[in-house]
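Written below as structure tokens is the structure these notes are about.
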Amino acid sequence: MATYDLAIRGGEVATGFGTARCDIGVREGRIVALAERITDAATEIDASGLLVLPGGIDSHCHIEEPARGSYGGPAVAEPPVTVQEESFTSASIAAFAGGTTSVVCFVPQWRGEGLLPRLADYRQRAARGMLDYSFHQIITEPTDAVLEHDIPAVVAAGIRSLKVFLTYEPLHLNDAQYIKVLTAARRHGCLVTVHCENYDAIGWRTEALLKAGLTAPKYHAWARPTVVEREATHRAIALAELIDQPIQIFHVSCGEAAEEIARAQARGLKVWGETCPQYFTLTDADMDRPGFAGAGFICSPAPRGPEEHANIWAAIKRGTLDIVSSDHCGFSLYTETGKAQNGRDACFRDIPNGIPGLAARLPLLFSEGVSKGRITLDEFVRLTATNPARLMGLAPRKGMIAVGADADLALWDPAKKVTITNALMQHAIDYTPYEGIEVTGWPVATIRRGEVVMRDGKVQAEPGTGRFLPRGPYDMVRPRGVLPYGFDAAPPL
Ligand code: DUC
Ligand code: ZN
Ligand code: ZN
């Protein structure tokens, strides 16, 4: 019998802390050897001329998430249930096509319910896919029962991050509710991830825009200028500081919000920042495309003016923003369950927010970042795999090429030029907002736990083979122990 199940030979292995020309030996789905020459393997892959990267970890994507409402729309008493059109199987195909092997997606909480009914449902959905996965638990109604009973139950089930929205109907929390969630997270050793925009300010601007007859998709950006993101980011950080609770600010779109994070980090707070490719490739002008096409770029925060791209790159380079995720959200442009669910002439308020990006994330960051000389290959690896693994408590099993880690790898041709098309994304959505963008650098094979699941764009993986990644306590989310007047209003258990 061969010593190794698989050897990846002759590639340039990128560890996030330098590269080495070496072979990788895989046994039972794990990396068991890194050596100059590995020969005794049942199967070999020739990686010469290619980079060997850790499989991407997309720590922020919405997949098959049954929501009450649809990330957009008016306040109504009984919001309809919508499920994004991407299923776990179609999302797995898209992810593998783009070099991603693990995701962290979202278990919803429907108002009027506790956490556990949706968790049970969502686990069944996720188990049908091929990606390895973990969950953030969304909290929309932090009742005593949720705080005292359900959150500990969710933690016991292996979930270590809570997600809160400071805007959106019917998801948003007010400050008192946000404080309660921070407190519970601190008690139970969870990270809190935060969507930072000011709910009341957006509501006020939206009403005024609609009254003035300004209803087209481009006014989505007018309803939520950068100041509403900056204000909510500041508030989210200040309240987390009050409670001494580590947080991650999701999808930072502008320099102003990044500055709030940088200031917090300079004071030693445990505050991390994430951005997404839409904030360095798309602009508010995209929402002004003719007809309904502009709707395909509506996401929140909104794509900004082109001047913000440089601010985002600067914040990435400084390390203020240390994770690039996709915020993948599967709404097709022209279907009745997607962007057009309220008609193709719907006002911007009634168009679901969110854009697909699972497959495009890594090629866009590689091309715009590494190929154009804005970031190094090491930074790319850390932004897309190592940092999400560490912040989400998935390391060292995920996010790195090291002995003992899962053999999740992307073989990358750094010189391959590709023009992005919707067909290449291999998702279940009828468009990509990145159509026509030319990239340099492309994944030519994806390996998940030692199994080749994509080769030259052809995805082959058995539905139901993705694994849940349970997370236990981990250091990154340990509070600092610095409290106003030393008084601990939320002592850890
Ligand atoms: N932003 C989006 O654009 N879509 C889903 C959720 C979010 O916060
Ligand atoms: Zn969000
Ligand atoms: Zn999101």
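The values are calculated or read from the model by the stated rules, or taken from the named source; none is laboratory data. Note that this is a predicted model, so its numbers are computed, not measured. Quick reminder, even Gly has a Cβ in these numbers, built from the backbone with ideal geometry, and neighbours come from all protein chains shown. In case anyone asks, the SASA skips ligands and DNA or RNA and just uses the protein heavy atoms, side chains included. Shrake-Rupley method; radii C 1.70, N 1.55, O 1.52, S 1.80 Å.
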- Scanning the range 292-305 residue by residue, those part of a loop (DSSP other than H, G, I, E, B) and within 16 Å of Arg349 (Cα to Cα) turn out to be Phe292, Ile298, Cys299, Ser300, Pro301, Ala302, Pro303
- Message: Under 8 Å between Cβ atoms, which residue pairs at least 6 apart in sequence (or on different chains) link something in the range 473-493 that is over 30 Å from Asn387 (Cα atoms) with a partner that is surrounded by 10 or more Cβ atoms within 10 Å (Cβ to Cβ) and among the polar types (S, T, N, Q)?
- Response: Ala489/Thr183
- Query: Scanning the range 57-110 for residues that are at pLDDT below 95 and more than 25 Å from Ile202 (Cβ to Cβ), which turns out least open to solvent (accessible area, probe 1.4 Å)?
  - Reply: Glu86
- Return yes or no: is Ile249 in contact (Cβ under 8 Å) with a residue 60 or more places away in the chain and within 21 Å of the chain's Cα centre (by Cα)? no
- Name the pairs: first residue in the range 422-441 and within 16 Å of Tyr334 (Cβ to Cβ) and without any contact (Cβ under 8 Å) to a residue 24 or more places away in the chain, second residue charged (D, E, K, R) and surrounded by fewer than 18 Cβ atoms within 10 Å (Cβ to Cβ), Cβ to Cβ under 9 Å, at least 6 apart or on different chains? Asn422/Asp430; Asn422/Glu435
- Query: farther than 30 Å from Glu197 by Cα and open to solvent by less than 20 Å² (accessible area, probe 1.4 Å), is that true of Ile38?
  - Reply: yes
- Subset of the range 317-339, residues open to solvent by 10 Å² or more (accessible area, probe 1.4 Å) and on the phi < 0 side of the Ramachandran plot, comes to Lys317, Arg318, Asp322, Leu333, Tyr334, Thr335, Glu336, Thr337
- Query: Looking at (1) within 25 Å of Ala310 (Cα to Cα); (2) open to solvent by 50 Å² or more (accessible area, probe 1.4 Å), can you tell me which one Ala264 breaks?
  - Reply: (2)
- Task: Check the range 343-354 and report whether any residue there is assigned to a helix (DSSP H, G or I) and open to solvent by 10 Å² or more (accessible area, probe 1.4 Å).
- Result: yes
- Selection over the range 241-292 where residues are within 16 Å of ligand 3 (Cβ to nearest atom) and under 25 Å from Thr183 (Cβ atoms) yields a count of 10
- Message: Under 6 Å between Cβ atoms, which residue pairs at least 6 apart in sequence (or on different chains) link something in the range 159-171 that is at negative phi and touching a residue at least 24 places away in the same chain (Cβ under 8 Å) with a partner that is near ligand 2 (Cβ under 9 Å from one of its atoms) and among the acidic types (Asp, Glu)?
- Response: Thr167/Glu197
- Going by the structure shown, is Ala127 surrounded by fewer than 18 Cβ atoms within 10 Å (Cβ to Cβ) and under 29 Å from Pro443 (Cα atoms)? yes
- Message: List pairs: first residue in the range 324-337 and within 14 Å of ligand 2 (Cβ to nearest atom), second residue open to solvent by 20 Å² or more (accessible area, probe 1.4 Å) and part of a strand (DSSP E or B) anywhere in the structure, Cβ distance under 6 angstrom, at least six positions apart or on different chains.
- Response: none
- Query: Condition test on Leu282, is it in contact with a helix residue (DSSP H, G or I) (Cβ under 7 Å, 6 or more places away or on another chain) and surrounded by fewer than 20 Cβ atoms within 10 Å (Cβ to Cβ)?
  - Reply: no
- Item | Unique residue being open to solvent by 10 Å² or more (accessible area, probe 1.4 Å), assigned to a helix (DSSP H, G or I) and of a type in the set (Gly, Ala, Ser) when the list is Ala385, Ala310 | Ala310
- State the number of residues belonging to the range 96-114 that are assigned to a loop (DSSP other than H, G, I, E, B), of a type outside the set (S, T, N, Q) and either within 16 Å of ligand 2 (Cβ to nearest atom) or more than 30 Å from Ala407 (Cβ to Cβ) (or both). 6
- Query: Is at least one residue of the range 295-304 away from ligand 1 (no atom under 16 Å from the Cβ) and out of contact with any Pro (no Cβ under 7 Å at 6 or more places or on another chain)?
  - Reply: no
- Considering every residue within the range 6-20, establish whether at least one is among the hydrophobic types (A, V, I, L, M, F, W, C), within 25 Å of Gly393 (Cβ to Cβ) and open to solvent by less than 70 Å² (accessible area, probe 1.4 Å). yes
- Looking at the range 317-342, which of the residues that are part of a strand (DSSP E or B) and within 16 Å of ligand 3 (Cβ to nearest atom) is nearest to Val370 (Cα to Cα)? Val324
- Mind checking which residues of the range 355-374 are open to solvent by less than 10 Å² (accessible area, probe 1.4 Å) and of a type outside the set (Gly, Ala, Ser)? Ile355, Pro356, Leu358, Arg361, Leu362, Pro363, Leu364, Leu365, Phe366
- His188 vs. criteria in contact (Cβ under 8 Å) with a residue 60 or more places away in the chain and open to solvent by 10 Å² or more (accessible area, probe 1.4 Å): yes
- When restricted to Pro433, Pro473, the only residue part of a loop (DSSP other than H, G, I, E, B), open to solvent by 10 Å² or more (accessible area, probe 1.4 Å) and either at pLDDT below 95 or of a type outside the set (Phe, Trp, Tyr) (or both) is Pro473
- Which condition breaks for Phe250 when tested against (1) touching a helix residue (DSSP H, G or I) at 6+ places or on another chain (Cβ under 8 Å); (2) within 16 Å of ligand 2 (Cβ to nearest atom)? (1)
- Query: How many of the residues in the range 438-447 are surrounded by fewer than 20 Cβ atoms within 10 Å (Cβ to Cβ) and either among the small types (Gly, Ala, Ser) or in contact with an Asp or Glu (Cβ under 9 Å, 6 or more places away or on another chain) (or both)?
  - Reply: 1
